[in-house]
Amino acid sequence: MERRIPQFFFALSLIALALMLAAVWQAAAPEWKAYQQQFHRLEAVGEPNAAAKSEVLNASLVVRQDLLPGLQRVDRCTTCHLGVEDPTMKSALQPFTFHPNLTPHVPARFGCTVCHGGQGLATDRRNAHGEVAFWQEPLLPKEYIRASCGRCHKEGDVPGVPELTEGRRLFETQGCRGCHKLNGVGGSIGPDLTEEGAVRRSPNWLERHFLDPNTVSRKSPMPNFHFTKEQARALTFYMLSLTSEQMATYYSSVRLIPSAGYGRQLFVEKNCIVCHNIGGVGAKSGPDLLGVAKQHSAGWLDEQLVNPELVYPGSTMPAYDLETNARKAIIAFMDSATAEDAQSILSRRARPLTAQDAAIEAGKQSFARFGCVGCHGLQLQGGVPNPNSQGGEVPSLLHASDDYTKEEVIKIIRNGKAPPLENPAKPAPPLYMPSWKSVLADEDVNRIADYLWSLQKKKESW
Amino acid sequence: MSTDKGKSELVFLNVWLHIHPAKVKKENLRVRHTFYLGFITFYLFLILVTTGVALMFYYRPHPPQAYQDMKDLQFVVYLGSFLRNMHRWAAHGMVICVFLHMCRVFYTGSYKRPRQFNWVIGVVLFLLTLGLSFTGYLLPWDQLAFWAITVGTNIGSYAPLVGARIRELLLGGHSVGESALLRFYVLHVAVLPAVVTLLTMVHFWRVRKDGGLSRPVWKLKEETSTQLVTIGPPDAGVPLAVVPASKDKTYGLMEVVTGKPIFETVSMEEEEDTVFSYPYAFFREGVALLATVTTVMAVSLFWQAPLEELANPVKTPNPAKAPWYFLGLQELVSHSALLGGVIVPTLAVLALIAIPYIDPNPSRRPADRKWAIRAFTLFVVVNVVLIIVGTLFRGPGWAFVPPWAHIAGAE
Amino acid sequence: MKRRSFLNWGTAGLVALWSAVGVSLGAVVRFLTPSVFYEPPQTFKIGNPADFSFGPPTFLAEEKIFVFHDRVKGFAVASAVCTHLGCTVGYFQNDERFHCPCHGSVFAADGAVQHGPAPRPLEWFEVTLARDGQLRVDKDRAVPASYRLMV
């Protein structure tokens, strides 16, 4: 036995060393390195000279990842899919093939899995494509990838994905909400569909379900709607897009696809016509917008929309809080807007344009922007409780003209006002009208007063 | 190291080695005496500490980053999956080996006087090992982890009076969430390892104090239990104790000096049956260490530790099972929460702790302890059967489903 | 039992073990070296050449670089990080120099230190043309101040 012990010791030491080397070998030769080497060889073919070729062939092999904190994802797909942004790889075989139509959804900003599915954290093929147990989001089949557009672009038409629009339309018109809740609205007979795209990522199942519910969901009370194949596909697209994707501000702000049509919608919503004219049609206090997109760069126009004072100090144009893509949409509209557009917008107005409208619109914008609605209400109705003030609440401004003249109101806005006490013995009311003269210019205050006066309700006559 | 003096000095002058005696009894080195289970358990603990510290460099105890870090260890960190596997399999191994070690100590009667207290320390170490395994189980933050701990802490809450409070302290809330993960992490990497280390020190020290490893059971045949020896201070009239003669070495001198004599030193009769710790004991321990390490490494190269999908509090897997060493408990609970989940396990643990004090039989020979051995064997078998039932025979809804039955319609 | 044979096997075993320990140490260092970075990448694309105006450099705040586009000579990318203690320098068009607000270091248009406590000139990074036509900056590759990318 004694002879054996050191022999065992030696044998086991060798085995330990061997196992350690096996572990190191296993760690040193992961799948992705082979793919990267293959890609480098492919790239080297296209290099002009031997020095460039050798530089490419000896490039270091590293895991490549796109960190996407705004989408709460980490995508390592480009570790193997090295040719996605390389147009010379159009005819290369996967995983090196070029990805057409990437912009603006470049991997550095969007990653890959938010559209394609799969497991971004993984670095070997089976795991990365999600074809493993315990990963709920496998790669979407090719024909369904466009459904992912709806994960972010939740409103408006998505160019290139008519199925989404059709799916949304079918959902609302075929009465799905009668049994299914979506975003809190609907019946409880069927499952809540708010997260259907996150829960069920099998397009096959969804499509078969729409063609005949009972083939996949036995004893389901859902009736057979006899959808056509196209309709079933449209609805499948819609379902796949229903995830509650957590997105940071950047992504939310570019969600709406900037189109001239959307820009026109915003133009009407923000009442631009009350100051501006297009080709002479409209108001005259602001400049003519016809062809403005050709006279100034997109960047200049964008800046104008964000901060009019910067470009034109002293400008009466209010600063609107518009998202990046909303501004892009307006500029897109500017590019194509004509006098006819202005005419049609004018004719749809409830009241004809007056000279006052510009000032009133600016006043309305200031009223919203500086938080007056916080106490006085969106409809100027007041009503916010203010203990121990006379009346017990913040007053409505709809009858201000009965108790005050315009000059008095302007003075109150500039200097502020403490509300009169109901009971002088009790403590002062917590809410009061602050002084705005150091924040608002006199013209702004006047415009707010104009706005208020435009909404005054006359006291009923006795 | 070529002289006897050199070999002795190597041991007692070395900070790492001096817990060993300079010489050990040859018979204690036999594999079939202890199977080196104590050493193996300790080595597994060392593997766990080493791999655990390595993993700590890449793990954040906050959901959901914890799960992402598990994926990073699996896919991106160099040797990440290997180290994680080693940690997981060594953990399961340690639970099994500490249990087997307890069985060995029982079957060789090595808990009897003077080793009673060390047995108690051992039981506490066993419970701490389960605790370490349980707290570590939550850290991957996947469905397996989340629901196993949900079930486990709910079983614990059935304890009367203190159950709900203990659950609240463990979870830092009403249900398993961020606070639970952080608390379990602190317990797992700091508190429990520190306590285990301290108690292990006491455990090893007590082995020496109690006279080293017990004599192998097959050597006991040679003794007659009727031969008695009187012991006590040399000049006192009344002896302190009259005990069966034992060849076990004791260290009574220290106590005599302090005035509290317990045993007198008994002369060593088998001087020729002892060998120097270096090299005999050390090489054997080295072999045991290597065998442990290579086994854990080999298993880790080929079997992946599980990682299911991200923990989802609103989606309960059916069935939701506690970690395997608690499945026996969960099986009991499924029959009766209070009786099965609280009373029986508590009584079992108390009985375990009390064994050395309620066992009046001073003999360690198996022939003299038939009923003790039968009782303990029953305890082991019942535990194993319960765990097997809980693992293999319980399906959705905790229904009895043999593992060979096909579960139709499972989605 | 012969001691010599005992020791030979044992010694050989120890040699194997110590080799294993050596491998482990190397593996430990490699283990601790990060394979991926939870930071903005060192290599990134900044856009198409046509997006960058001539004259004063374009400052990219997130990436902390200045992009020079010379009509004749092409592109160059300078670091905006002061070599003294890491503050972000600013480029002033009127005197065509970089000024650091923290301790007053001043760098000439080619990055050379003209004034102040900065110990080294501003770094220039390699800028190349990616295959999709965009400019790609690699902060891991330093180039001399005279480096230009002709597009």
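What the table shows:
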read-out	value
Breaking point among (1) surrounded by 18 or more Cβ atoms within 10 Å (Cβ to Cβ); (2) over 43 Å from the mean Cα position of the chain (by Cα); (3) within 8 Å of chain C (Cβ to nearest Cβ), for A:L19	(3)
Listing of strands (runs of 3 or more DSSP E) fully contained in the stretch C:50-151 that carry 2 or more residues being within 18 Å of the chain's Cα centre (by Cα) and buried (at least 18 other Cβ atoms within 10 Å of the Cβ)	C:65-70, C:74-79, C:124-129, C:135-143
Criterion (in a helix (DSSP H, G or I), more than 20 Å from A:A319 (Cα to Cα) and among the basic types (K, R)) met by exactly one of A:R233, A:R201	A:R233
Search result, residues across the stretch B:296-333 that are without any contact (Cβ under 8 Å) to a residue 24 or more places away in the chain and more than 9 Å from chain A (Cβ to nearest Cβ)	B:F302, B:V314
Residue check for B:M86: more than 21 Å from the chain's Cα centre (by Cα), within 24 Å of B:Y325 (Cα to Cα), crowded, with 20+ Cβ neighbours inside 10 Å and within 14 Å of chain A (Cβ to nearest Cβ)	no
Any hit, the stretch A:382-396, residues being over 25 Å from A:P427 (Cβ atoms) and not acidic (D, E)	no
Residues satisfying the stated conditions in the stretch B:7-30, i.e. without any contact (Cβ under 8 Å) to a residue 24 or more places away in the chain and in contact with a helix residue (DSSP H, G or I) (Cβ under 9 Å, 6 or more places away or on another chain)	B:H18
Selection count, the stretch C:13-44, where residues are more than 7 Å from every other protein chain (Cβ to nearest Cβ), outside any loop (DSSP other than H, G, I, E, B) and not small (G, A, S)	8
Residue count for the stretch B:325-342, restricted to those that are under 19 Å from B:V385 (Cα atoms) and out of contact with any helix residue (DSSP H, G or I) (no Cβ under 9 Å at 6 or more places or on another chain)	1
Residue match in the stretch B:32-55 (condition: at pLDDT below 95, within 14 Å of chain A (Cβ to nearest Cβ), surrounded by fewer than 22 Cβ atoms within 10 Å (Cβ to Cβ) and in a helix (DSSP H, G or I))	yes
Selected residue [touching a residue at least 40 places away in the same chain (Cβ under 8 Å) and either within 20 Å of A:C80 (Cα to Cα) or within 12 Å of chain C (Cβ to nearest Cβ) (or both)] from A:F39, A:F9	A:F39
In the stretch A:171-200, residue farthest from A:P223 (Cα to Cα) [restricted to those that are touching a residue at least 24 places away in the same chain (Cβ under 8 Å) and surrounded by fewer than 15 Cβ atoms within 10 Å (Cβ to Cβ)]	A:E195
Residue within the stretch A:135-145 that is more than 14 Å from every other protein chain (Cβ to nearest Cβ), assigned to a loop (DSSP other than H, G, I, E, B), among the β-branched types (V, I, T) and within 23 Å of A:F210 (Cα to Cα) present	no
From the options B:V342, B:V314, B:V349, residue that is β-branched (V, I, T), surrounded by fewer than 17 Cβ atoms within 10 Å (Cβ to Cβ), modelled with pLDDT under 90 and in the same structural domain as B:R394 (by TED's automatic domain parsing)	B:V314
Some residue of the stretch A:221-232 being under 30 Å from A:T338 (Cα atoms), acidic (D, E) and not assigned by TED's automatic domain parsing to the domain that holds A:L68	no
Residue check, A:L14 within 23 Å of C:A27 (Cα to Cα) and facing chain C (nearest Cβ under 8 Å)	yes
Pairs where the first residue, in the stretch B:161-178, is under 17 Å from B:V342 (Cα atoms) and the second is part of a loop (DSSP other than H, G, I, E, B), C-beta under 6 Å, 6+ apart	B:G163/B:S157; B:A164/B:S157; B:R167/B:S157
Residue within the stretch A:393-403 that is within 41 Å of the chain's Cα centre (by Cα), under 16 Å from A:Y451 (Cα atoms), without any contact (Cβ under 8 Å) to a residue 40 or more places away in the chain and outside the structural domain of A:E269 (by TED's automatic domain parsing) present	yes
Residues satisfying the stated conditions in the stretch A:57-89, i.e. touching a Cys at 6+ places or on another chain (Cβ under 6 Å) and assigned to a helix (DSSP H, G or I)	A:C77
Residues located in the stretch B:114-161, provided they are at pLDDT below 90, more than 21 Å from the chain's Cα centre (by Cα) and either within 14 Å of chain A (Cβ to nearest Cβ) or outside any helix (DSSP H, G or I) (or both)	B:S157, B:Y158, B:A159, B:P160, B:L161
Test: residue in the stretch A:243-254 that is crowded, with 19+ Cβ neighbours inside 10 Å and within 21 Å of A:F333 (Cβ to Cβ)	yes
Subset of the stretch A:92-108 (residues that are within 14 Å of chain C (Cβ to nearest Cβ) and not aliphatic (A, V, I, L, M))	A:F96, A:T97, A:F98, A:H99, A:P100, A:N101, A:T103, A:P104, A:H105, A:P107
Members of the stretch A:109-134 found to be crowded, with 17+ Cβ neighbours inside 10 Å, over 18 Å from A:L71 (Cα atoms), free of Cβ contacts under 8 Å to residues at least 24 places away in the same chain and within 10 Å of another protein chain (Cβ to nearest Cβ), listed by number	A:N127
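Rundown of residues vs (1) of a type in the set (A, V, I, L, M); (2) more than 25 Å from A:C152 (Cβ to Cβ); (3) assigned to a helix (DSSP H, G or I), yes/no style:
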| position | (1), (2), (3) |
| --- | --- |
| A:D302 | no, no, yes |
| A:T316 | no, yes, no |
| A:N325 | no, no, yes |
| A:D341 | no, yes, yes |
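The values are calculated or read from the model by the stated rules, or taken from the named source; none is laboratory data. Please read these numbers as outputs of a predicted model, since none were measured by experiment. When we count neighbours, we look across all protein chains shown, and the Cβ atoms used for this are built from the backbone with ideal geometry, even at glycine.
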